[in-house]
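Trainee: Quick one: the structure is below, and I'll ask about it shortly.
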Amino acid sequence: MKQKKYWHRQYVKQLEEKLHFGKSYVFVDKIITYVLLFVCIILIPFVVWKISVKTQNNLIFAKQINELSKKEEILKIIFFDVSQGDSALVCLPNKKNFLIDTGPKEGLLIQESDPGKIVSEIDAGKEIIVPFLQKNNLTIEGIIITHPHSDHFGGTFSILDNGYVPCWFIDNGVETSHPMYYELLQRLKEKKVKYSIAKLEKLDLCPSVDIEILAPVQMYQTENVDRAINNSSIVIKLTYKNFSVLFTGDIEIFAEMDLLEYKEKLKSTVLKVPHHGSFTSSSEPFLDMVSPEVAIISCGKGNPFGHPHTDTIDKLNKRKIKIYRTDQNGSISVITDGKNYFVETEREY
């Protein structure tokens, strides 16, 4: 019994011999050896417990998502990882689906009001959106393009080419010199897709979900043409019972200030952070009025514009808003029954 009770002494002795190769050692060395061993004995069970708790929490979370997904009246929103760009698929409880922006098209220059320049290396429609629709056997009812910048409309070409022709198409009506956007509008016309310019009204797509267009409240004019187009983005608030999402396109501070007129109406559970997290957006008054629990930032890894900017991240952290980023988390799904909601990511970060 003594040997069993004092096994650690024998282990320490063997350890000392290995460490010192049979040579003499000072008392300090012996103390250090005991301390290190003691720390290991204490920490190992804690690490094992922490891993066990994390695994258990993951299992509980997966079970909750599974149970929520089985319900019929589920709203699901997928914020696709389209690199530097924007695209979200809204899957309504009545099984109707529509896209808000479609990400970039390979080979097209991405236009930004922020300094920087990049040509897209991916086709979001071909590589991300269409495969997702095919895998999940989904159709699309309509497409909303918040503003005519290629990182928001480029993926539409491949979506149409693969047979996903929407019933309707909405944009902000802003005139643009981008030849590809004019080509896109022509393609939609040829396919007899109903085209309309956004109005400040509610969209009648699902009886249980309130979908309201809040902006643009005006067509902005600035010396920086891309900045004017950004501020003229379509802004949509989607409300399902106690849950809500604010889609903001690439609005900047000018448009945010105008939106403050809506006051409490802006308050939302989830905020799709404006303009990929640029410092030109996400002003303090705007964030305070929206007061979200979750912020979704869509941006490309290592993009030349520096999105998201540190100022924006700091402001979100200051308000203890949970941040998810497509450059870090991959595609991000938000699932809700209107009461509870879960955020599921393609990868942990």
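The values are calculated or read from the model by the stated rules, or taken from the named source; none is laboratory data. Since we're looking at a predicted model, the values are computed, not measured. For neighbour counting, all protein chains shown are included, and Cβ atoms are generated from backbone atoms with ideal geometry for every residue, glycine included.
Trainee: Out of all the residues in segment 266-302, which are on the phi > 0 side of the Ramachandran plot and outside any helix (DSSP H, G or I)?
Mentor: Across segment 266-302, the qualifying residues are Ser282, Ser291, Gly302.
Trainee: Just checking, does segment 259-273 include any residue being closer than 21 Å to Ile118 by Cα and of a type outside the set (Val, Ile, Thr)?
Mentor: Within segment 259-273, not a single residue is closer than 21 Å to Ile118 by Cα and of a type outside the set (Val, Ile, Thr).
Trainee: Filter segment 303-342 down to residues that are touching a Leu at 6+ places or on another chain (Cβ under 8 Å) and assigned to a loop (DSSP other than H, G, I, E, B) and give me whichever is surrounded by the most Cβ atoms within 10 Å (Cβ to Cβ).
Mentor: Asp337
Trainee: Within the group Phe153, Phe132, which residue is surrounded by fewer than 20 Cβ atoms within 10 Å (Cβ to Cβ), in the same structural domain as Glu223 (by TED's automatic domain parsing), aromatic (Phe, Trp, Tyr) and at pLDDT 95 or above?
Mentor: Phe132
Trainee: A further question follows. Can you tell me which residue is nearest to Arg227 (Cα to Cα) among those in segment 165-195 that are aromatic (Phe, Trp, Tyr) and buried (at least 20 other Cβ atoms within 10 Å of the Cβ)?
Mentor: Ranking the qualifying residues of segment 165-195, first place goes to Tyr181.
Trainee: Another question, if that's okay. In this structure, does Ile140 turn out to be of a type in the set (A, V, I, L, M, F, W, C) and within 21 Å of the chain's Cα centre (by Cα)?
Mentor: Answer is yes for this residue.
Trainee: If I ask for residues that are in contact with a His (Cβ under 9 Å, 6 or more places away or on another chain) and closer than 17 Å to Val130 by Cβ, which ones from segment 148-183 would you list?
Mentor: The one that is in contact with a His (Cβ under 9 Å, 6 or more places away or on another chain) and closer than 17 Å to Val130 by Cβ: Phe153.
Trainee: Looking at Ser158, is it surrounded by 15 or more Cβ atoms within 10 Å (Cβ to Cβ), at pLDDT 95 or above and over 28 Å from Leu214 (Cβ atoms)?
Mentor: yes
Trainee: Same structure again: Condition test on Leu109, is it touching a helix residue (DSSP H, G or I) at 6+ places or on another chain (Cβ under 9 Å) and more than 29 Å from Leu214 (Cβ to Cβ)?
Mentor: yes
Trainee: Checking the conditions here, which among Arg319, Arg325, Arg347 is at pLDDT below 95 and either farther than 16 Å from Ile251 by Cα or out of contact with any Cys (no Cβ under 9 Å at 6 or more places or on another chain) (or both)?
Mentor: Result: Arg347 is the single residue among Arg319, Arg325, Arg347 that is at pLDDT below 95 and either farther than 16 Å from Ile251 by Cα or out of contact with any Cys (no Cβ under 9 Å at 6 or more places or on another chain) (or both).
Trainee: Separate question: Do you know which of the residues in segment 103-129 that are modelled with pLDDT under 95 and of a type in the set (Asp, Glu) is nearest to Ile159 (Cα to Cα)?
Mentor: If we take residues in segment 103-129 being modelled with pLDDT under 95 and of a type in the set (Asp, Glu), then Glu121 is nearest to Ile159 (Cα to Cα).
Trainee: Checking Ser113 against (1) within 22 Å of Ile332 (Cβ to Cβ); (2) surrounded by 17 or more Cβ atoms within 10 Å (Cβ to Cβ); (3) not hydrophobic (A, V, I, L, M, F, W, C): exactly one of these is not met. Which one?
Mentor: So the condition that Ser113 fails would be (1).
Trainee: For residues in segment 202-231 being under 21 Å from Ile140 (Cβ atoms) and assigned to a loop (DSSP other than H, G, I, E, B), which is nearest to the chain's Cα centre (by Cα)?
Mentor: Val209
Trainee: Additional query: Within segment 240-252, is there a residue that is touching an Asp or Glu at 6+ places or on another chain (Cβ under 6 Å) and either modelled with pLDDT of 95 or more or within 22 Å of Pro93 (Cβ to Cβ) (or both)?
Mentor: No, every residue in segment 240-252 fails to be touching an Asp or Glu at 6+ places or on another chain (Cβ under 6 Å) and either modelled with pLDDT of 95 or more or within 22 Å of Pro93 (Cβ to Cβ) (or both).
Trainee: Additional query: If Glu256 satisfies all but one of (1) surrounded by fewer than 24 Cβ atoms within 10 Å (Cβ to Cβ); (2) outside any loop (DSSP other than H, G, I, E, B), what's the number of the condition it fails?
Mentor: In the conditions (1) surrounded by fewer than 24 Cβ atoms within 10 Å (Cβ to Cβ); (2) outside any loop (DSSP other than H, G, I, E, B), Glu256 misses (1) alone.
Trainee: Right, next: When you look at Val82, is it surrounded by 23 or more Cβ atoms within 10 Å (Cβ to Cβ), aliphatic (A, V, I, L, M) and touching a Pro at 6+ places or on another chain (Cβ under 7 Å), yes or no?
Mentor: yes
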